[in-house]
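Remarks on the structure that follows.
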Amino acid sequence: MIKKLEQGFNLLPEQIIHDFFPLMKLGRNPKVYQLHQPLHLLIPEWQKSLINDNISLDLAATFSDFEDKIQAAVYKFFTELRLGKNQQKDFWMLISDVSRIKGMTICEFLDEPNFQNILNQDKWTPAQKAEHCKQLLFSWRYPEFSKTKEKYENPFIRSKAAAGDPGPGAAFI
């Protein structure tokens, strides 16, 4: 809508904010303009997700800065895991950090065999796949913390198993 007002009617941002935003129930906040203005650059899948309220406005604005190939790769990854808005933000922070640390593009990073192995697990639910991906991302982002956590968790888990405690959820199996 903003793009059409700007290009079709040659309106300045100030005119759009002052005259049209109140009609669209967006107030007169220039920050709202900054969030909405680049949304036309999103691929159609992300635009539909935004319309259906499946992605936050600020994350959508972030994705509008990327080329279509990256947007499509992230969209595919997020939809396969069926991530909610908060999870999307968490995953995006981890993905962008770890890909930068590893010196990889987002597309290269999401094509990692480790992710593909998780995504190809037919018996896992999307929630289980998301949890495994998050653990993997977390271990890459915070390797020392992950090692320390594993060091203290594994003996506890082994001791419970040795004592005959089947662990949480065993009653439902």
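The values are calculated or read from the model by the stated rules, or taken from the named source; none is laboratory data. The structure displayed is predicted, hence computed values, not measured ones. Methodologically, a virtual Cβ is constructed for each residue, glycine included, from the backbone with ideal geometry; neighbour enumeration extends over all protein chains shown. When the accessible area is computed, the model is the full protein with side chains, heavy atoms only, and any ligands, DNA or RNA have been set aside. Shrake-Rupley method; radii C 1.70, N 1.55, O 1.52, S 1.80 Å.
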By residue number, the members of segment 115-138 that are buried (at least 16 other Cβ atoms within 10 Å of the Cβ) and either farther than 16 Å from residue 78 by Cβ or modelled with pLDDT under 65 (or both) are 138
Identify, please: which residue in segment 56-76 is assigned to a loop (DSSP other than H, G, I, E, B) and modelled with pLDDT of 90 or more and is, among those, surrounded by the fewest Cβ atoms within 10 Å (Cβ to Cβ)?
67
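Any chance segment 8-15 includes a residue that's within 30 Å of residue 77 (Cα to Cα) and open to solvent by less than 70 Å² (accessible area, probe 1.4 Å)? Outline the logic, then answer.
Taking segment 8-15 first, the residues within 30 Å of residue 77 (Cα to Cα) are none.
The answer is no, given that none of the residues of segment 8-15 is within 30 Å of residue 77 (Cα to Cα) and open to solvent by less than 70 Å² (accessible area, probe 1.4 Å).
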Kindly indicate the residue of segment 46-55 that is in a helix (DSSP H, G or I) and open to solvent by less than 80 Å² (accessible area, probe 1.4 Å) and also farthest from residue 90 (Cα to Cα) among those meeting that condition.
47
Among the residues of segment 77-107, write down those that are within 18 Å of residue 139 (Cα to Cα) and open to solvent by 50 Å² or more (accessible area, probe 1.4 Å).
87, 89, 90, 93, 100, 101, 102, 103, 104
